[in-house]
Structures are given as structure tokens and as C-alpha cells.
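Here the structure comes first, spelled out in C-alpha cells, and everything after it is commentary.
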Amino acid sequence: MNKLVIGIDQSYTRTGISLAVDGKLMKVTSIPFRGPQSHTDKRKQISNIVTHILTKNSSRVSECIIICERIRTFSGGFLSTSYIKATGALIATIVDAAYPFGVKVFSVDTRCWKAAIVGSSKSDGNKKLATIKYVAKLGFDLSSVNKKGKIIYDDDAADSACIALYGFVADQKLKEEH
């Protein structure tokens with residue numbers, strides 16, 4: 001193993017975390033936050049998982065980086081100060097967990113990784129379906145059946161997988177997070 005990229009699609013609802021080694025997806029998963037957990041509890045859980053992944057893997061590769069999704073300063077034409085603060089705290093949590101291992105954390109704009117990995121950042125009806133289909137073609141089934149018998153898809157895990165794979169594209173547009 002030469003290069004490990006940990007892709008993270010961070011959110012307080014469900015955080016996707018995927019591992020890609022030398023351009024191949026190895027693990028695609030997410031952390032579903034259930035119940036009345038505080039933002040602090042969720043950040044601690046993410047920190048513990050990142051620390052666990054790095055403890056097990058960072059010394060086994062020659063290069064290890066983390067890529068997360070960049071904060072959107074405008075969404076739907078609006079500026080949400082509370083969203084920016086909350087997401088900034090999530091990114092800071094990831095940076096702080098990676099720091100003792102000497103692992104750098106980068107962010108990438110959603111449009112960049114989607115265009116590079118699935119071919120377009122535009123949606124064809126259901127924008128979440130493109131990453132799910134792409135990751136399914138690579139052998140990862142991200143579907144499950146809910147209590148009502150409806151098939152649901154883990155788009156956060158799929159997004160994190162694509163973010164991890166973005167670490168292997170030629171013309172990356174990454175910004176280091178500190």
C-alpha cells in the first residue's frame with residue numbers, strides 16, 4: 001500500500017467515511033447519528049472513528065491524507081451562519097484528530113469531485129443517485145430496506161467514496177484545512 005485517502009462527507013445527520021488505497025475503494029460506510037445526541041457528542045464520535053482509522057492504517061502506507069467536503073458559503077442563494085459555524089466545527093474536529101498522526105486534511109468543492117468522479121456535477125433528476133450508481137458499479141451495495149419495506153440508499157457513504165477516489169485524480173482542486 002502506498003497511498004491511503006480517507007474521504008469524509010461530514011454532516012450532523014449522517015457522516016460518510018470511506019477508504020481508498022492506491023485508487024481502489026476498500027471500505028464504504030457511514031455513521032448514522034440516532035437519538036438526541038448533541039453536536040459535541042457527534043463530533044466526539046467522528047473524532048474517535050478518525051483516530052481509530054489512522055491508528056490502524058497510517059503507519060502501513062507511505063502517504064495518507066483526508067479529504068472532506070468544503071463548506072458551502074452560499075446554498076440556494078442564502079448565507080447560513082449557523083451552518084458555516086457547525087460545519088467548520090466538524091472540519092476542525094477532523095483536523096484535530098488527524099494532527100497527532102501528521103496527516104493533512106484537505107477540502108474539495110462538491111462540484112469538483114462530482115465532475116471528476118461521476119462525470120458531471122449536474123443532476124439528471126435525482127442528484128444523489130449518480131454517486132450511488134457509480135459506487136454500486138464498483139461493487140458496493142448501499143441500499144437497505146427500512147421498517148416500512150421501502151428501499152433506501154446511503155448517499156452519504158456514496159459521496160464519501162467518491163471524495164476518497166478524488167484523491168487519485170490528476171488535476172485536484174484541494175484546499176488544506178488547518
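See the values below:
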{"quantity": "Rounded accessible area of Ile117 (nearest 10 Å², 1.4 Å probe)", "calculated": "20"}
{"quantity": "For segment 58-178, alpha-carbon Rg over 2.2 N^0.38 Å", "calculated": "1.17"}
{"quantity": "Probe 1.4 Å, protein heavy atoms only - accessible area per residue of the chain in square angstrom", "calculated": "56"}
{"quantity": "Label-reachable residues, segment 98-114, where backbone N falls under 18 Å from a point 7 Å from Lys3's Cα toward its Cβ", "calculated": "103-109, 112-114"}
{"quantity": "Residue-level accessible surface for Asp96, protein heavy atoms, 1.4 Å, Å²", "calculated": "110"}
{"quantity": "Thr51 accessible area, assembled protein chains, probe 1.4 Å, Å²", "calculated": "50"}
{"quantity": "Net dipole in debye of the chain [+1 Lys, Arg Cβ; -1 Asp, Glu Cβ; about Cα centre; nearest 20]", "calculated": "420"}
{"quantity": "The chain, relative contact order in percent, only Cα pairs under 8 angstrom and at least six apart counted", "calculated": "31"}
{"quantity": "Lys147 paired with Phe78, simple spin-label distance in nm, labels 7 Å along Cα-to-beta-carbon", "calculated": "2.9"}
{"quantity": "His52, His39, His178, reordered so the largest accessible area comes first (probe 1.4 Å)", "calculated": "His178, His52, His39"}
{"quantity": "Projected label distance in nm at Leu129 and Val61, using a 7 Å step from Cα toward the beta-carbon", "calculated": "3.2"}
{"quantity": "Once the Cα gyration tensor of segment 11-92 is diagonalised, semi-axes √(5λ) in Å", "calculated": "26, 16, 12"}
{"quantity": "Beta bridges by DSSP in the chain, antiparallel share as percent, to the nearest 5", "calculated": "65"}
{"quantity": "Listed residue pairs exceeding 31 Å between alpha carbons, taken from Lys44/Lys137; Lys148/Lys175; Lys44/Lys175", "calculated": "Lys44/Lys137; Lys148/Lys175"}
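The values are calculated or read from the model by the stated rules, or taken from the named source; none is laboratory data. The structure presented is a predicted model; accordingly, all values stated were derived computationally and were not measured. Please note: Cβ atoms are built from the backbone with ideal geometry, for glycine as well, and neighbour counts cover all protein chains shown. Accessible surface is based on the protein model in full, side chains and every heavy atom, while ligands, DNA and RNA are left aside. Shrake-Rupley method; radii C 1.70, N 1.55, O 1.52, S 1.80 Å.
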